[in-house]
Amino acid sequence: MPLYLTRARLRVEDTRIAALLPLLVKEQSGASAAHHRIWSLMSDGSDRSRDFLFRDAGDVTFVLSQRIPGSSPIWQHESRVIPAFEAGDVLNFTLRASPVIRRARDGRRSAKRDPILERLGQLALDDRRARRQEIAQEETSRWLTAMGESSGYRLGDVLVENHEQVKVRRRGAPVIQFSIVDVSGTLTVTNPTVFADRLGQGFGPAKAWGCGLMLCRRINR
């Protein structure tokens, strides 16, 4: 099935929804608010489970899915099909992701761990501040390189532009906390079918909170 990339914007200029804008924009922020906003576009029934990736980029929200969202009174949007990839394609990419790896534990199931926080936790406080960017760069590059081995790509240059901790507060439920990195770089497609499948699945966890969507553009043809 084809993948569609949708660019969506709130109809902030529409006076018909002006009363809702404080709720949609000004009085809500962060991952939880973005999660609820995008469901107002992508939900087409009470039994719909999440079958899309999204990234909140401020004025615009990007959505990757196998279906085009329907019309919305509060969103304006346009969609295009992601072109087929070929082996050897070189891509520029940007990605917001939550790097997670599994660590083996004696006699127990393996556990998910944040490799950046693991390394920072071994340092004194002053060293953490001084080396945060360096460690985020190294661990993110290692994580994406390892993922590429089974995801149909070979990683090129990588730049981690941001690393931060995110907390998602939910009514009547425990707080969710995870790391995110904003990454840009290049990669080469080695297996187009496998890479397209990974693109549709997303990269890493926390997809419900706006992580995992890779935006990419060919630079060699």
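Worth pointing out:
- Looking across the range 168-195 at every residue that is outside any loop (DSSP other than H, G, I, E, B) and out of contact with any strand residue (DSSP E or B) (no Cβ under 9 Å at 6 or more places or on another chain), the one that is surrounded by the most Cβ atoms within 10 Å (Cβ to Cβ) is identified as 192.
- Every pair of residues 6+ apart whose Cβ atoms lie under 7 Å, when the first sits in the range 206-221 and is more than 14 Å from residue 65 (Cβ to Cβ) while the second is assigned to a loop (DSSP other than H, G, I, E, B) and hydroxyl-bearing (Ser, Thr, Tyr): 206/98; 211/98
- Members of the range 69-91 that are at pLDDT 95 or above and of a type in the set (Val, Ile, Thr): 81, 82, 90
- Failed condition for residue 28, given (1) over 26 Å from residue 165 (Cα atoms); (2) at pLDDT below 85; (3) surrounded by 13 or more Cβ atoms within 10 Å (Cβ to Cβ): (1)
- Members of the range 45-78 that are of a type outside the set (A, V, I, L, M, F, W, C) and in contact with a Gly (Cβ under 6 Å, 6 or more places away or on another chain): 55, 56
- Test: residue in the range 52-70 that is without any contact (Cβ under 8 Å) to a residue 40 or more places away in the chain, exposed (fewer than 10 other Cβ atoms within 10 Å of the Cβ) and of a type in the set (Asp, Glu): no
- Restricted to strands (runs of 3 or more DSSP E) entirely inside the range 78-167, those with at least 2 residues that are under 25 Å from residue 62 (Cα atoms) and open to solvent by less than 50 Å² (accessible area, probe 1.4 Å) are 90-97.
The values are calculated or read from the model by the stated rules, or taken from the named source; none is laboratory data. Here the structure is a predicted model, which is why all the values come from computation and not from measurement. Here the Cβ is made from the backbone with ideal geometry for all residues, glycine too, and neighbour counts use every protein chain on show. Just so you know, the surface numbers come from the protein's heavy atoms only, side chains and all, with ligands and any DNA or RNA stripped out. Shrake-Rupley method; radii C 1.70, N 1.55, O 1.52, S 1.80 Å.
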